[in-house]
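The values are calculated or read from the model by the stated rules, or taken from the named source; none is laboratory data. Only a predicted model underlies this, so the values are computations on that prediction, with no experimental measurement involved. Positions of Cβ are generated from backbone atoms using ideal geometry, with glycine treated the same way; all protein chains shown enter the neighbour counts. Please note that ligands, DNA and RNA were not included when accessible areas were found on the heavy atoms of the full protein model with its side chains. Shrake-Rupley method; radii C 1.70, N 1.55, O 1.52, S 1.80 Å.
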Amino acid sequence: MTDDHPYRQQKEITFVVPCYNSAEYMDHCIDSILHGRGDIEIIIVNDGSTKDDTAAKADEWAEKYPEIIKVIHQENKGHGGAVMAGLRAASGVYFKVVDSDDWLDPVALNLMLSKLRHFIHSGSPVDLVIANYVYEHTNTGTQKVIRYRHFLPQNRVFTWNEMGFSTPGQNILMHAATYRTQVLRDSGMDMPEHTFYVDNIFVYVPLPSVQTLYYLPVNLYRYFIGREDQSVNEKVQISRLDQQMRVTDIMIEAHKLPEGAGNRTLAGYMEQYLGLIMAASSTFALLEGTSKGLKMRKEMWEHVDRVDPLLKARLGLRQPLVLAANLPGPIGRRVSVALFRMAQRLYKFS
């Protein structure tokens, strides 16, 4: 890279690893990222860990790889607060979050890094790079690969207008996404502290700021599922219904594209994604089973009507699960839960 290259003073990519009492498994995560060949940066965010030696482990990694690894020690702010701390400190052209209990496939990682390097040297890096991810179900010893074929063009730069139709299991989640860092910053994306499920904000709010995309069909991100305390565990999700609703409310507000970003294909994708999140929030409120949960559910749908009176109908047309999650009366609620269970078994999302 020449001295006058616009990205010469930046790392190629920043990987942010939020850690909260992660000593048992964070080493595997960080080691997997270090298999990447290139000018990478790893920022370990110790998010107020107190129950183990996460802080000491993070410092040991930084001492061993001072040119690659940085550590941020902060009081506990939750996953969103940790990611935002990493984003503020990032020096990479690209930005990717890797949760401390997950890991990256080394072959796929280096294929992606090679592609990012090509984009950077071209002087016009794409805004969002997407790769497959793998659900690693430890309880059953099974895997489920989430691919984007038939939805996204493969191995070439494209725009929103060239997207196909996605299935309910093909939303672009945090595990799949590698953003250009400046896109995230320019989008104004922020994530509330002490709130789970903010990864949906991360892959939703910045989308109107994305102009160019690239889909690399490799199985990069390995997403661990199996711990009882994991945020995607159903019992845990139900206990955190208020946080789920907080995220849903932010997404409802963000669903309208800003002036100048009026792309019908992108709008359709965002409405389909929002529909799935609202269907899940509505169903978890039913599973929570209290008057408080039903009140939050009612307020969520009223929020939709206030923001856009026609949105509920559009969501139902794009995503039948929205209608299934909003059936009236006691019988309708039981049917809603039964349909949720069917989707749960089909897509293995928790």
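Being open to solvent by 60 Å² or more (accessible area, probe 1.4 Å) and assigned to a helix (DSSP H, G or I) is the requirement here; does LYS256 meet it? Here the answer is no, as LYS256 does not meet what is asked. Tell me the residue from GLN182, GLN154 that is open to solvent by 50 Å² or more (accessible area, probe 1.4 Å), among the polar types (S, T, N, Q) and touching a strand residue (DSSP E or B) at 6+ places or on another chain (Cβ under 6 Å), please. After applying the criteria, what remains is GLN154. Taking the condition among the hydroxyl-bearing types (Ser, Thr, Tyr) and modelled with pLDDT of 95 or more, does TYR221 pass? Taking the combined requirement at face value, the residue satisfies it.
Taken over the range 136-151, the criterion of being over 12 Å from ALA176 (Cβ atoms) and open to solvent by less than 30 Å² (accessible area, probe 1.4 Å) is satisfied by GLU136, HIS137.
Results for (1) at pLDDT 95 or above; (2) among the aliphatic types (A, V, I, L, M); (3) over 20 Å from ASP199 (Cα atoms); (4) in contact with a Pro (Cβ under 9 Å, 6 or more places away or on another chain), shown as yes or no for each residue.
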{"site": "ILE40", "(1), (2), (3), (4)": "yes, yes, yes, no"}
{"site": "ASP47", "(1), (2), (3), (4)": "yes, no, no, yes"}
{"site": "ASP52", "(1), (2), (3), (4)": "yes, no, yes, no"}
{"site": "GLU63", "(1), (2), (3), (4)": "yes, no, yes, no"}
{"site": "GLY86", "(1), (2), (3), (4)": "yes, no, no, yes"}
{"site": "VAL97", "(1), (2), (3), (4)": "yes, yes, no, yes"}
{"site": "SER100", "(1), (2), (3), (4)": "yes, no, no, yes"}
{"site": "ASP105", "(1), (2), (3), (4)": "yes, no, yes, no"}
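Restricted to helices (runs of 4 or more DSSP H) entirely inside the range 162-241, those with at least 3 residues that are farther than 15 Å from HIS79 by Cβ and touching a residue at least 40 places away in the same chain (Cβ under 8 Å) are 181-187. Restricting attention to the range 215-225 and to residues that are surrounded by 19 or more Cβ atoms within 10 Å (Cβ to Cβ) and touching a helix residue (DSSP H, G or I) at 6+ places or on another chain (Cβ under 7 Å), the residue that is farthest from HIS28 (Cα to Cα) turns out to be LEU216.
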